[in-house]
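Take a look at the structure below.
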Amino acid sequence: SESDPNLISSESYLVLLVVKRVRQRKQDGTLYLMAERIAWGPEGKDRFTVSHLYADIRCQKISPDGKAKIQLQLVLHTGESTTFHFANESTALKDRDATKELLQQLLPKFKKKANKELEEKNRMLQEDPVLFQLYKDLVVSQVISAEEFWANRLSLSSVEHSISNNNKQEVGISAAFLADIRPQTDGCNGLRYNLTTDIIESIFRTYPTVKQKYSENVPHNMTEKEFWTRFFQSHYFHRDRISTGLQDIFSECAKQDEKGLKSMVTQGVKNPMVDLLSLEDKTLDEGYGTATVPTTSNSSNKSLRENSNSAIIKRFNHHSAMVLAAGLLCVIFRDAPSDQASETSSTDGNSRDSDFFQPPLKKVKLQEAIEYDDLQGDSGRKTISLNLKKSDRYSHGPTPLQSQHYTTSQDIITSISIIQHEMRSYKPRLTQVMSSSAASSAIIALSPGGVLMQGGAQQTINQLVPTDVQSELKHLYMAAGELLRHFWSCFPVSTPFLEEKVVKMKSNLEKFQVTKLRPFQEKIQRQYLSTNLTGHLEEMLQAAYNKFQAWQTRRMMRKT
Amino acid sequence: MKLNIEGLLVYFPYDYIYPEQYSYMLELKRTLDAKGHGVLEMPSGTGKTISLLSLIVAYQKAYPLEVTKLVYCSRTVPEIEKVVEELRKLMDYYAKQTGVKNDFLALALSSRKNLCIHPEVSSLRFGKEVDGKCHSLTASYIRAQHHSNPCQPVCQFFEEFDAVGRQVPIPPGIFNLDDLKDFGRRKGWCPYFLARYAILHANIVVYSYHYLLDPKIADLVSKELAKKSVVVFDEAHNIDNVCIDSMSVNITRRTLDRCQTNVETLQNTISRIKETDAAKLREEYMRLVEGLKEANVARETDIYLSNPVLPDEILQEAVPGSIRTAEHFVGFIKRFLEYLKARLRIHHVVQESAPQFLKDIYEKVCIDRKPLRFCAERLRSLLRTLEIADIADFSAITLISHFATLVSTYSKGNLYDYDFHQKTPTIANPVLHFSCMDPSIAIKPVFGRFQSVIITSGTLSPLDIYPRILDFRPVTMASFTMTLARTCLCPLIVGRGNDQVAMTSKFETREDFAVIRNYGNLLLEMSAIVPDGIVAFFTSYIYMENIVASWYEQGILENIQRNKLIFIETQDAAETSMALEKYQEACENGRGAILLSVARGKVSEGIDFVHHFGRAVIMFGVPYVYTQSRILKARLEYLRDQFQIRENDFLTFDAMRHAAQCVGRAIRGKTDYGLMIFADKRYARADKRGKLPRWIQEHLTDGSLNLTIDETVQLSKHFLRQMAQPFRREDQLGLSLLTLEQLQSEDMLQKIAQIAQQA
């Protein structure tokens, strides 16, 4: 595909696909699929009249095969829709399918991202009451817009961060994913299967053998479509049908599954309490008992129906086990690095000293089985023991990383014993004590209000101001801080965008001063509290205004 | 806490106690005082085992001459180990409270497979292989050979035990299976034989039913237990079947073919020995003339060749002359074998009593009753004389000889029946079933020999039927309820679907499309509202297979999969174990799962579904035994004639005890909770409902007898929501959980007196 040099300005404008002769509202034009959005411009103009971010698109629809007009419709989250008509007679269908395919790949990515962003915002607000309050003060009361509020907050924390950091939880697999592809008859002797990328991923994760077959055969031997058609026709998919002996590419999968199941069974179970094989202590010898004798080598005289029934049962057990295993797999992957880390750190920490003894599984299960937690006294309640890597650090708190100043508990014990020793032999030398005047001035300096206790005066604000005023003040400070942060982040004003923003922020600040700060000041005055409570806030605002003034005069001078 | 149970000081290793535990101990003490037998039903999860142990140990300590030993029989290996662990807890508590070191010896005994420490032998997978291999290393003649020929391998652990271990008694302590193995490894002694030897002087023995009830094993292991022992059968709701199984024999054509090979091997060995070592055979002959008593030497290790009949039936006479020489005996067995073969050639079903069989055999091949009775004993002697190493190969001929002995011993009173039947119409596969009709035969010596036998379980209702079918006279029969601070079980009877079609597994309608669909809808609806695990039981394996297949076709299973993972019991135990473990895993990690299982199966009998492993149990249908079986019909006839138990009563009793077992799996304590859904309208009838254990019946209200699926879902939702509220100790205290002071108050003692309901 060609790319139009006029349109490329940054990475996100990278054009992935260009389709010419696409009509929109009866106007000929060109359709562009870019990294983050889809756009359409009329013939002969270098502007887009239609442009949608992928994230805004809910879904795409195509006109049914065989219709005269070959169209593609985009439905947005807002409910609006845009229809493109592919008008190049010879290649229309191909053009449309190419667009569809590409969109099919692109849309899911953005869908997830959009949702994730919303979720992330929601989560941040829920987890952080301060932020929530700020949001209420600034956004809900319409001092700034939501976009402005989030603009540099999200990047600070964690959407990308969490995604890149592998911290997100893998979505498990629905056990019923095969049910979702239930075939529907299309009315003319055919079956339609609904396959989505999610289902395909589920199939691959649950049945690795199918994935292997897929990578072996697609696209060298067959197309993707052909692969799935064969899959749905195979005995492997319809496990209740007894294998007809027809060689399809999936018969090997079935065999491997069988093998996997067998190995799972022969591995046996870890938990001795559910091991049915060793449940019975003494089985009756062959030939004793009233139970009907199991017919020997009975597969031959079992009916076809019975065989297929037991095949279904086997299949369900296997399917459930695989789904469960696929779910566990990602957990293991996620946990693995941290496990390793804790292990390596325990080699230098002293957690091994506690000599933690892991009783064998059987003992644990037996103890669990005989435990009556309600009969036991409180002493029996289980607590989680503190697992310390370095107990010294725990008892001393974080200490500066200067190895020579680092005191171990041994050091402390010795120094204490030295001090004790010194104290024992301590004799006051009464002739060399401080003079009484020096002593009393030291005491005065250390008393409340004294020279060395200046900080104490500040505390009185706690007692002077009622708590509701205090909290209001706190909120004001926070809101002002947030606005000022936005304001100051515009400097140096280097781009037109920042210019615009700084003007806007200035007006925001003024708005804040009028709508929030003033009423508060009046309130304080009414309550006869000292007005200098807001002094500092005003100073900060003033500083911002001064800065703005200075910047504006300089700009005016440059312009003239 | 220290309790005063009618003057007996009982140490109870917990700070709190359930009222019903106190009541249970009271009844138990009265039973022991009266030196009689007892039947006690108490729900699972109310600490039955610890109550039993606390009281009996206290009794043993107080009256060491009255009760010398406690023999605790349980059903499965995990159960046995649990009992020993509880005992350990009790003994630790004793030591802590009294400051005196424990002087009790308690041990678990299990089969070689669970106790062997021989590196080669213990690596074998199946119990039978382990037994066979052990035998080939420890049999008396093998050891004798080893004397003359040191290359002959023997088991070092057994030799060491035999040389040293017998003189040094095992020290007091609590020995679980693993402890025994550890001890054995430390000393270099065989733990299995050590345990078997030590049970004679141990204060407490914990082992499985078979060691007392199967005469083949009981004769070897439990023969010398003192009369002043207290025997406890825990989880005894199926004890009659265990008794019957141990005395029943099935013979197929394959058995006879293998027996034929055995006979040929014997013949060859005899003629070979005749040439080389004729003195040996003569010696045996002399021994047999003198009588069987002599044959007891070195029998300890020869487990395969035990006598299938009961100790008091063991013959005092000498072996009859006609089968005394080895050749004559082999000839005799051959004749018997030919007769059986001829009988198995028929193409129609025959059913006859033991005397009829004996009469027929006398008329056709002139085999008398007397030599038949000695068959087992005679074969045992012969195999030992011939020094057959691998006894496992001779299981067919052993089986035949046991059959001969049984059929001729218990002919009086028409106890045995047998029939020939064909499995499939096309291939004739006749089986000779020789089945015991009367469970009391196997258990009679136990009741006769020991001063107190306690039969206890969570589900023994109706209580009076057990003394009747086991033919004994208990001094106490009591059923205890579970005192509850909150109603943590919710039994519901679902009788119809939302379309009003009756829901039932009745034979005529069980394959009905509507019934199957309604069952499916019930499971589907429940899977959407019940958290974590659901266990569903079907009446039989085949029925489950059919239902699963049609649910699959109708897409019901797929819809269920949207809510939970599905695991299904199969007929392969290893496969089922895996499914079970995965099921628990899925419950554990929050996905939730459904286990489809079968009543009377291994899962329903041995696996508990505590807490989130089973928040609901659904019983699809009434688990009647397959009533068309001839063996069952014969047994029902026998019950009617001998004990005046009506057929229907017994069938219903049997079905209900299994249903109760299934649904009881979900409640394993007072902090646990679970739904019990009986999906069959027949449960609502008084004759069915009345046979459920009292602790379930109590919570069945009239409003929950014939519900539709929708109503069930509503009630379940309500119940689950209530149960999900936090449940603290304070909520229970004083009601279903007592401190010592609360227990001693006059009020409470009066209340407790009402917990036990005498039958």
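Coordinate-derived values only; no laboratory data. All values reported here derive from a predicted model rather than from experimental measurement. As a convention, Cβ positions derive from the backbone with ideal geometry for all residues, glycine included, and neighbour counts pool all protein chains shown.
At-a-glance table
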{"item": "Placed amide H near B:G173: partners under 5 Å, 5+ positions off or other chain", "result": "B:F104, B:L105, B:A106"}
{"item": "CD proxy at 222 nm, helix term only [per DSSP H run n ≥ 4: -39500 (n - 2.57); per residue of chain B; nearest 500]", "result": "-14500 deg cm²/dmol"}
{"item": "Overall dimensions of region B:609-759 by Cα: Rg and Dmax, Å", "result": "19.3, 58"}
{"item": "Nearest-ten-degree value, helix B:19-33 long axis tilted from longest Cα axis of chain B", "result": "30 degrees"}
{"item": "Percent of Cα pairs exceeding the 23 Å cut-off, where the set is region B:611-689", "result": "35 percent"}
{"item": "Nitroxide proxy distance, nm - points 7 Å out along Cα→Cβ at A:S507 and B:D277", "result": "11.7 nm"}
{"item": "Calculated diffusion of region A:519-560, Stokes-Einstein form, Kirkwood radius summed over Cα pairs, 37 °C and 0.692 mPa s, µm²/s", "result": "267 µm²/s"}
{"item": "Coarse-grained scattering of chain B at q = 0.09 Å⁻¹, given as base-10 log I(q)/I(0) from a Debye sum over alpha-carbon atoms", "result": "-0.94"}
{"item": "Flagged links, alpha-carbon separation over 29 Å, of B:K280/B:K359; A:K314/B:K670; B:K564/B:K681; A:K270/B:K128; A:K121/B:K582; B:K681/B:K751", "result": "B:K280/B:K359; A:K314/B:K670; A:K121/B:K582; B:K681/B:K751"}
{"item": "Area projected by the alpha carbon convex hull of region A:26-146, averaged over all directions, nm²", "result": "10.0 nm²"}
{"item": "Fraction of alpha-carbon pairs over 22 Å apart in region B:148-267 - percent", "result": "56 percent"}
{"item": "Length gained when the stretch B:C366-B:Q260 is fully extended (0.36 nm per residue, less Cα-Cα span)", "result": "36.2 nm"}
{"item": "Two-site FRET efficiency, B:D702 against A:E147, from Cβ-Cβ distance with R₀ of 56 Å, rounded to 0.05", "result": "0.30"}
{"item": "Simple spin-label estimate for B:E637 and B:F727 in nanometres, 7 Å along Cα-Cβ", "result": "5.0 nm"}
{"item": "Dimensionless Rg ratio for region B:49-165, taking C-alpha atoms and the 2.2 N^0.38 Å reference", "result": "1.43"}
{"item": "Pairs of alpha carbons in region B:528-593 whose separation is greater than 18 Å (percent)", "result": "42 percent"}
{"item": "Distant-in-sequence amide H partners of B:I251 (H built 1.01 Å from N, under 5 Å)", "result": "B:L432, B:H433, B:F434"}
{"item": "For a label point 7 Å along the Cα-to-beta-carbon line of B:S148, residues of region B:248-282 with backbone N under 20 Å", "result": "B:269-282"}
{"item": "Ratio of Rg to Rh over region B:120-165 (Cα coordinates, Kirkwood Rh, two decimals)", "result": "1.00"}
{"item": "Given charges at beta-carbon only (K, R positive; D, E negative), |dipole| of region A:479-532 in Debye", "result": "220 debye"}
{"item": "Least to most buried among B:Y285, B:Y14 (fewest other Cβ within 10 Å first)", "result": "B:Y285, B:Y14"}
{"item": "With eigenvalues of the C-alpha gyration tensor scaled by 5 and rooted, region A:36-88, Å", "result": "20, 18, 7"}
{"item": "Spin-label model distance (nm) - A:S447 vs A:I419, 7 Å beyond Cα toward Cβ", "result": "2.8 nm"}
{"item": "Theoretical FRET efficiency, 1/(1+(r/R0)^6), r = Cβ-Cβ of B:D710 and A:D198, R0 45 Å, to 0.05", "result": "0.85"}
{"item": "Residues B:S229, B:S148 arranged by fewest to most Cβ contacts within 10 Å", "result": "B:S148, B:S229"}
{"item": "Theoretical FRET efficiency, 1/(1+(r/R0)^6), r = Cβ-Cβ of A:Q432 and A:E522, R0 56 Å, to 0.05", "result": "0.35"}
{"item": "Over region B:668-751: Rg over Rh, Cα atoms, Kirkwood Rh", "result": "1.07"}
{"item": "In sequence order, calculated HN-Hα J values of region B:136-142 (Karplus, 6.51, -1.76, 1.60; Hz; x Gly/Pro)", "result": "5, 10, 10, 4, 4, 6, 4"}
{"item": "Exposure proxy ranking, count of Cβ atoms within 10 Å, fewest first, for B:K216, B:K370", "result": "B:K370, B:K216"}
{"item": "D_trans [Stokes-Einstein, Kirkwood Rh over alpha-carbon pairs] for region B:427-511, 20 °C, 1.002 mPa s, µm² s⁻¹", "result": "117 µm²/s"}
{"item": "Set of region A:92-133 residues, backbone N closer than 18 Å to the point 7 Å along the Cα-Cβ line of A:T515", "result": "A:132-133"}
